[in-house]
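The values are calculated or read from the model by the stated rules, or taken from the named source; none is laboratory data. This is a predicted model, so every value here is computed, not measured. Cβ sites come from the backbone with ideal geometry, for glycine too, and all protein chains shown count toward neighbours. SASA here: full protein model, heavy atoms, side chains in, ligands and nucleic acids out. Shrake-Rupley method; radii C 1.70, N 1.55, O 1.52, S 1.80 Å.
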Amino acid sequence: MGTSGEHDWADAIARARRFAPFLMRALERQPDLGAFLAAGDGEGALEWSRAHAEHEDTAVALRRHRLALATTLAIGDLAGAFTLDRVMDELSRFADHALDKAIRSAIFDRTGEDRSDGMIALALGKQGAHELNYSSDIDPILLYDPKTLPCREKDDPGEAAQRYARRVVNLLSDNTAERYVLRVDLRLRPASEISPPAVPVSTALTHYQGQALAWERAAFIRARAAAGDIQAGEAFLSEIAPFIWRPKLDFGAVKEIRTLTQRIRADNEGADSPGPGFDVKKGRGGIREIEFFAQTHQLIHAGRDPSLRVRGTRAALNALAAAGWIDADHARVLGEGYDRLRVIEHRLQMVDDRQTHSLPSGEALDRVAQLDGMADGDALVAELTELTAKTGAIYDELIGQEAPAPYPQPKPESRATTLAQMGFADADALAQRIEDWRDGRYASIRSPQALEAFDRLLPRLLDAIARSDDPERAITRFQAIIERTQSAIELFRLLTAEPRLIERLVNALTLSPRIASTLARRPETLDVLLDRQPIDFEHTYERTLARLRDGPGRSDYEAKLDCIRQVVSEARFTLEISLLEAEHKPSRIAAALSHVAEAAITAAVEAAHEEFAQAHGRIKDSELLVLGLGRLGGGALSPASDLDMIYLFKGEYGAESDGERPLGATLYYNRLATRVNAALSVPTAQGALYEVDTRLRPQGNQGPLAVSIEAFAKYQESSAWTWEHMALNRARVLAGSDDARAKVEQIIARTQCQVRNPLDLQKDVLKMRGDMAEHKPPKGELDVKLMRGGLIDVEFLVHFIQLRDASKLGSDNPAMLSPDFALAIPALIDLGLLERELWPAYDLLTDVLVASRLLAPERKEPPPAAANALARTCGCSSYAELLASVADARKCVIRQWAINFDETLEI
């Protein structure tokens, strides 16, 4: 196949003259161009083709340019001098140029103005992807903006746009003595059966935002602004991006693409397999199926993974493989197959410059093969048979192309035997349970298509469940999913096509009770589990808050609360799945969970205040602040952490709100704080979010929920207990203006830096820790928080040193007083107040705490698979190694405790 030698221009010209009548005539018609080609000067030939196109008549210029370009690229392609990518890119760039020239010419002929403002040409299909073939149609969508479109003074912009559109089509498509430029097909425009050739931008936006079909989404994957008003075209594409790239899994789109493909296969009048009449574009395993394969996966996954938003077919296949969404070998087979099919397509079209994709018969087939450098048509057919068998089989897996007979199912008694052999405890009961699932009682498995898809998935699913820690629980939770899901056919097919997702699902159902409960309660979270996207740790807070603010718009208060729950729950679930699969260090997940909580708190304060102000107004120069403490303040939440918060308000406590039902400041902010608490913790249709704990506020449960900043300062100065000052070491303002934050931070710093009697402080700390150890013993071998030598001991130790030495060292070493222990502990080490071994010990214990809340919530040894997952998440090769590492870390903490408190703890 291919050429007879490396850049063999003479052989390429000879084959073109012998086997391609169109190229033979083109070479005879352009002898000067032929001279460049005969000399092997492909770049010179391309330059000649551009210069030769200079003509006062745009139609003539473009036709000459096109003929010269097609000739040059064909000979260069046959010679092996121009790659397939180069050929397709040059053809696509010419199409952009021709389309732009035609638009400008149409407007100039009418107005005398050489500009294209307000007239947009969007390239779709192969032009959009820079993958045009020799005789391809172009499928632009022509849009116009009536406010900026050039037209005569008395012309209606809409009528002028249609006149320009018709002129563009005629300029490019009319077959004259100079032949044609490009065939133009405008049928991809919105509502093409009723819309004019050029569509107003506003009408197109309305269509794509509410009426468009899945095939239109697929078409826009490769769309770009190609000609005319490029800037306006790019703005339009940006505006409809949410229509193309949807953030949730869209199995409905897969179904529509599958239906479209099956209809194309059914309507294909060509041969079913390679041979005369076989269509290399529409046939099984052909060009279109490979393109659809890539686009379907992009429709499913690219809404969450921006790395997949590429236009080219090869680029899309490579990106999908790199992201792990398709098998790397499948990407290679499809990519290589696609390139070869495109080359054969070009050979077919070079012969007579016809838009054909079908293999001819007899001598004509031999000529196509020999043009490509092959022996004869039989060799070409043999190659295509092998190629399309591989590519077609891969596509069959995606669309669920099955044999007409139903997937065979064993009888219940036979199934029970198989289940028993797989290790299921009560095989007879499970066999009957599966029959109950299949009898149509659940909507998700009711249709024949859904049942067949489920039956194909079932063997692999059962095998994965049988190998799990808790098969019975996995079965029960999977049943909960299919009970609550109305349509699961595409889910079943996706799992069957991508077996690694079955393992991910079974792990989620068995390793973590928390994640399994979420999936069973809210099956829609399956899209987060199956369609993973990279986590932007650097901007978690900003991105989450932006989604919360953009979500409900001006919806009612309950809708805003539902939005907070939906967005935050999804963000937390994404992080928990990442933790489950050991993708990131647990402490990094903990920081991101804290950022999500901060965003939720900010959004809840904003929503509650806006709703509250409708009845009670606002208080001038006053605001509500939220102070985070504990793990929230320290930026290290676990998946099960409460939110420890204190509410403060800025301004005069005697001030009054300006609404129809005014309230004094103290009552106003206490009621508002109650609303914020409810927004974060009271269940709605989307469920509850967090448990909120406000017992660390001044005077605890006996005091008001919100106090003024001044009252807070006075309390900390004169009434607070030592434990309250210790808690303040991990305090951080989460919501409030910059001025108010600074004021509270000054109060915290002043409190931390009070001069203290070290012996009294030590006595208080030891008594508090002893009381806690007596009343709250550890629950198991993984309770690294409460066990001696655990995290509580580290926290008490750090807080003791902070309060003891802050008056002398705090002002010059602010990091030592940071609520983030990742800053505070290293700072104390650098000051020589702690030994260096404490940081890795604390870091490991933190990782175990965060991961165990997900994988071992009882704080005891979990089942084997969960134990191994916990060890892996914490950087250990086995659960035994993890326990040994925890023991070493505790010994380190106990040594530090003895040094500072002269007290020996029992491990």
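Here is how the numbers come out for the structure above:
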item: Test: residue in the range 32-39 that is part of a helix (DSSP H, G or I), under 21 Å from Leu348 (Cβ atoms) and either of a type in the set (Ser, Thr, Tyr) or open to solvent by 50 Å² or more (accessible area, probe 1.4 Å) (or both); result: no
item: Identity of the residue in the range 324-351, over 18 Å from Phe278 (Cα atoms), part of a helix (DSSP H, G or I) and not aliphatic (A, V, I, L, M), that ends up least open to solvent (accessible area, probe 1.4 Å); result: Gly335
item: Members of the range 40-64 that are open to solvent by 20 Å² or more (accessible area, probe 1.4 Å) and free of Cβ contacts under 8 Å to residues at least 60 places away in the same chain; result: Gly40, Asp41, Glu43, Glu47, Trp48, Arg50, Ala51, His52, Glu54, His55, Glu56, Asp57
item: Tabulated pairs, the range 130-141, first under 12 Å from Ala223 (Cα atoms), second among the hydroxyl-bearing types (Ser, Thr, Tyr) and modelled with pLDDT of 95 or more, C-beta under 6 angstrom, 6+ apart or interchain; result: His130/Ser92
item: Identity of the residue in the range 283-303, open to solvent by 10 Å² or more (accessible area, probe 1.4 Å) and part of a loop (DSSP other than H, G, I, E, B), that ends up nearest to Ile399 (Cα to Cα); result: Arg284
item: Extreme residue, farthest from Glu610 (Cα to Cα), among residues of the range 699-731 that are open to solvent by less than 20 Å² (accessible area, probe 1.4 Å) and assigned to a loop (DSSP other than H, G, I, E, B); result: Asn729
item: Among (1) under 30 Å from Cys876 (Cβ atoms); (2) open to solvent by 10 Å² or more (accessible area, probe 1.4 Å); (3) modelled with pLDDT under 95, the one test that Pro639 misses; result: (2)
item: Residue in the range 207-234 that is modelled with the highest pLDDT, counting only those that are over 29 Å from Asp174 (Cβ atoms) and outside any helix (DSSP H, G or I); result: Ile221
item: Every pair of residues 6+ apart whose Cβ atoms lie under 6 Å, when the first sits in the range 705-730 and is closer than 17 Å to Gly654 by Cα and in contact (Cβ under 8 Å) with a residue 60 or more places away in the chain while the second is of a type in the set (Gly, Ala, Ser) and crowded, with 18+ Cβ neighbours inside 10 Å; result: Ala706/Ala673
item: Test: residue in the range 677-698 that is in a helix (DSSP H, G or I), more than 23 Å from Tyr541 (Cβ to Cβ) and not hydroxyl-bearing (Ser, Thr, Tyr); result: no
item: Residue in the range 183-206 that is surrounded by the fewest Cβ atoms within 10 Å (Cβ to Cβ), counting only those that are part of a loop (DSSP other than H, G, I, E, B) and among the charged types (D, E, K, R); result: Glu193
item: Some residue of the range 642-652 being in contact (Cβ under 8 Å) with a residue 24 or more places away in the chain, closer than 18 Å to Tyr669 by Cβ, open to solvent by less than 10 Å² (accessible area, probe 1.4 Å) and out of contact with any Gly (no Cβ under 9 Å at 6 or more places or on another chain); result: yes
item: The range 235-282: number of residues that are of a type in the set (Asp, Glu), modelled with pLDDT of 75 or more and either crowded, with 16+ Cβ neighbours inside 10 Å or in contact with a strand residue (DSSP E or B) (Cβ under 9 Å, 6 or more places away or on another chain) (or both); result: 1
item: Residue match in the range 808-815 (condition: open to solvent by less than 10 Å² (accessible area, probe 1.4 Å) and in contact with a Phe, Trp or Tyr (Cβ under 8 Å, 6 or more places away or on another chain)); result: no
item: Residue match in the range 669-679 (condition: open to solvent by 60 Å² or more (accessible area, probe 1.4 Å), closer than 23 Å to Gly633 by Cα and of a type in the set (S, T, N, Q)); result: yes
item: Those residues of the range 644-663 which are small (Gly, Ala, Ser) and touching a His at 6+ places or on another chain (Cβ under 7 Å), in sequence order; result: Ser657, Gly659
item: Residue selected from the range 121-144 under the condition closer than 14 Å to Leu99 by Cβ and polar (S, T, N, Q), by the criterion least open to solvent (accessible area, probe 1.4 Å); result: Gln127
item: Any hit, the range 108-124, residues being part of a loop (DSSP other than H, G, I, E, B) and among the hydrophobic types (A, V, I, L, M, F, W, C); result: yes
item: When residues of the range 471-528 are limited to those that are modelled with pLDDT under 85, in a loop (DSSP other than H, G, I, E, B) and of a type in the set (Ser, Thr, Tyr), the one most open to solvent (accessible area, probe 1.4 Å); result: Ser487
item: Arg895 vs. criteria in a helix (DSSP H, G or I) and open to solvent by 50 Å² or more (accessible area, probe 1.4 Å); result: yes
item: Hits in the range 740-794 (condition: under 24 Å from Asp812 (Cβ atoms), outside any helix (DSSP H, G or I) and open to solvent by less than 50 Å² (accessible area, probe 1.4 Å)); result: Cys753, Arg756
item: Unique match (being farther than 22 Å from Ser92 by Cα and within 37 Å of the chain's Cα centre (by Cα)) among Ala177, Ala161, Ala191, Ala198; result: Ala191
item: Test: residue in the range 838-858 that is over 30 Å from Ser517 (Cβ atoms) and open to solvent by 40 Å² or more (accessible area, probe 1.4 Å); result: yes
item: Residue list for the range 859-878, filter: part of a helix (DSSP H, G or I) and surrounded by fewer than 20 Cβ atoms within 10 Å (Cβ to Cβ); result: Pro864, Ala865, Asn868, Arg872
item: Residues (in a loop (DSSP other than H, G, I, E, B) and either touching a residue at least 24 places away in the same chain (Cβ under 8 Å) or closer than 15 Å to Asp109 by Cβ (or both)) located in the range 158-182; result: Asp174, Glu178, Tyr180, Val181, Leu182
item: Yes/no for Asp366 being in contact with a helix residue (DSSP H, G or I) (Cβ under 7 Å, 6 or more places away or on another chain), surrounded by fewer than 21 Cβ atoms within 10 Å (Cβ to Cβ) and more than 23 Å from Ala123 (Cα to Cα); result: yes
item: Residue satisfying condition, being touching a residue at least 60 places away in the same chain (Cβ under 8 Å) and hydroxyl-bearing (Ser, Thr, Tyr), within set Ser737, Ser807, Ser818; result: Ser737
item: Qualifying positions in the range 90-120 - crowded, with 21+ Cβ neighbours inside 10 Å and among the β-branched types (Val, Ile, Thr); result: Ile103, Ile107, Ile120
